[in-house]
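For reference, the structure discussed in these notes is given below.
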Amino acid sequence: MKNIGISGNQGKKIAGFENLRIWQKANELMTEIHNIAKRLPMTEKYRIRDQIERSSASVSANIAEGYSSYYYNDKIKGMYTARKEAGETQSHLRALESRKYLSEAQTKKLIEEYEGLVRGINAYINYVRDKREASKSAS
């Protein structure tokens, strides 16, 4: 971990994965999802709320886990899991919309943001694959 000198973070140690734009975006979306979930009725607490909170949190957690893995294949596997969790979260967003907890516009915006995140995850997977291939060539 390293120190960063950004206002509000002076002296704060951050993990390497926190520098990844995909992790930052996943974390931002998770926060937004959790804020939406807080407003759901109590009858949904152990239903859709629990599901969407878990899947949205799992996206950033799996990005961090993949990034932190030593082996290239484990890095890629973590990103595949993050991508699947992003898809699950999109499905839960549609469920919230169909139950009238989210407007069509809110749902569309969040789904598009998750699509952008998935594109970023795919780009990172390609980057790791390229590094893996380069390391094989160098051997």
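Just so you know, all these numbers are worked out from the coordinates, no wet-lab data involved. In this text, all values refer to a predicted model and were calculated from it rather than measured experimentally. All Cβ positions, glycine included, derive from the backbone under ideal geometry; neighbour counts span all protein chains shown.
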Likely footprinting exposure, Tyr114, Tyr101, fewest C-beta neighbours within 10 Å first
Tyr101, Tyr114
Can you give the Rg/Rh ratio of the chain, where Rg is from the C-alpha atoms and Rh is the Kirkwood radius?
1.05
Helix-only [θ]222 nm of the chain, DSSP H runs n ≥ 4, -39500 (n - 2.57) each, per residue, nearest 500:
-25000 deg cm²/dmol
